[in-house]
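Data block below; observations after.
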Amino acid sequence: MNREMLELYSDYLLSSFSYTTATGLAALTAGVVSHDQVTRFLASDDKASPDHFDSKALWQLVKPLVREVEHGGGVLIEGDTVEEKPYTAESELVCWHKASPDHYDHSQGKSVKGINIVNVLYEAGGMRIPVAFAAALKSLRVWSEQKGRWQKKGAVSKNEQVRAMLKVCWHNAIQYLRQNHR
């Protein structure tokens, strides 16, 4: 993971008041960082690439902070969000998500097209720190008898993704309040 690029890109996103683009970041840095460098950083799927950023890289980044604030009363919070991409072509990553309170555009009265990101936060000491994430990919096409059309579905459910992330948190020895539900 290219930490300098991550910091620069994060700062750019946080400080922008309108649309953000790779070209915009290149212009802001007066060409010190090129459009191609930003694009390669964002598009990296190669796990061997220094620009690859996944849940494991996130953990390496936040681990010192988690260790500083963690205690047995901390909690793990799972959730998901959709980063809207209304003008991007559909794929297994960018697709339509069911109308629900979380994935519904109330201003337009319809479902949302975008990238669904499942995540786990660690809350302790008044802080919420992201410790794991995964994109909810919809790679399968299934026939819906109820709707009479083909729909996209994930090979792995979001619940299965959350279970896997919680298992990783357990293996990373994050201290949290454990409750047994019967």
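Summary of values
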quantity: Residue within region 125-137 that is surrounded by fewer than 10 Cβ atoms within 10 Å (Cβ to Cβ) and out of contact with any Leu (no Cβ under 6 Å at 6 or more places or on another chain) present; calculated: yes
quantity: Per-region count, region 138-148, residues of a type outside the set (S, T, N, Q) and in contact with a strand residue (DSSP E or B) (Cβ under 8 Å, 6 or more places away or on another chain); calculated: 5
quantity: Qualifying positions in region 65-93 - among the β-branched types (V, I, T), part of a strand (DSSP E or B) and modelled with pLDDT of 90 or more; calculated: V75, I77
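For every residue, the table says whether it meets (1) among the β-branched types (V, I, T); (2) in contact with a helix residue (DSSP H, G or I) (Cβ under 9 Å, 6 or more places away or on another chain).
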| residue | (1), (2) |
| --- | --- |
| G125 | no, yes |
| I129 | yes, yes |
| A134 | no, yes |
| E145 | no, no |
| K158 | no, no |
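Here is a yes/no grid of residues against (1) surrounded by 10 or more Cβ atoms within 10 Å (Cβ to Cβ); (2) modelled with pLDDT of 75 or more; (3) more than 23 Å from N172 (Cβ to Cβ):
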{"site": "Y12", "(1), (2), (3)": "yes, yes, yes"}
{"site": "S16", "(1), (2), (3)": "yes, yes, yes"}
{"site": "L28", "(1), (2), (3)": "yes, yes, yes"}
{"site": "V38", "(1), (2), (3)": "yes, yes, yes"}
{"site": "A48", "(1), (2), (3)": "no, no, no"}
{"site": "F53", "(1), (2), (3)": "yes, yes, no"}
{"site": "L58", "(1), (2), (3)": "yes, yes, no"}
{"site": "V62", "(1), (2), (3)": "yes, yes, no"}
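The values are calculated or read from the model by the stated rules, or taken from the named source; none is laboratory data. Nothing here was measured: the structure is a model prediction, and the numbers come from that model. Don't worry about glycine lacking a Cβ; one is built from the backbone with ideal geometry, like all the others, and counts go over all protein chains shown.
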